Amino acid sequence: MELNEWIKKYEKKAERFSIPDGFLLHYEPDKGFFLYKKLDKAFIIDACSTNNIHWAQQKANDMAKERGCTFLSTQTHRDPAAYMRLTKAEINLSLSGVRKNGLMYWVFEKAVK
C-alpha cells in the first residue's frame, strides 16, 4: 500500500496522524509504517500501522540494536493481553493512560535482543 493508504487505515482505528517532534518515520509499502525515536537507551515507537505486528516488533528490535538501545517501548490502544501474548512485552502501567483522543493506551517494554 502507499503511505497515504496506511495513514488512512491508522486514522480510522486510532487518531489523526501527525509526527511528534523528534520522531522519524519508517515505512515499507508491503508491511506498513511506524514512528520511532531513540531516547538514551530506549527505542520508542509511537504511531504504527501494519498487518504484521511481528514484522514491526522485529524491525524495531533490529533498528534499536543498530542504535545501541537496550529496550523497546511501544504502545497500543488494543487488547493489552493479546499484545503481550503476541509480542512477549511487559506492560508498564505507570506510563499507560488515556490520550487526547480519549482512548486508553497501554505502554509496553521489552529488552532488545
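Full extension from TYR27 to GLU11: what is 0.36 nm times the residue separation minus their Cα-Cα distance, to one decimal in nm?
Stretched out fully, the TYR27 to GLU11 stretch lengthens by 4.2 nm.
Which length gain, in nm to one decimal place, applies between LYS38 and VAL98 when the Cα-Cα distance is subtracted from 0.36 nm times their residue separation?
Residue separation times 0.36 nm, minus the Cα-Cα distance, leaves 19.3 nm.
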Which value in deg cm²/dmol, rounded to the nearest 500, describes the helix-derived mean residue ellipticity at 222 nm for the chain, given -39,500 (n - 2.57) per DSSP H run of n ≥ 4 and division by the residue count? -9000 deg cm²/dmol
Length-normalised contact order of the chain in % [C-alpha pairs under 8 Å, at least 6 apart]: 20 percent
Here, MET1 and SER18, labelled 7 Å along Cα→Cβ, have an inter-label distance in nm of 2.2 nm
Taking 20 °C and 1.002 mPa s as the conditions, I'd like the Stokes-Einstein D for region 33-90 in µm²/s, using the Kirkwood hydrodynamic radius from alpha carbon pairs. 185 µm²/s
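Just so you know, all these numbers are worked out from the coordinates, no wet-lab data involved. Treat the numbers as computed from the prediction; the structure is a model and nothing was measured. Neighbour counts are summed over all protein chains in view; Cβ atoms, including those assigned to glycine, are modelled from backbone coordinates with ideal geometry.
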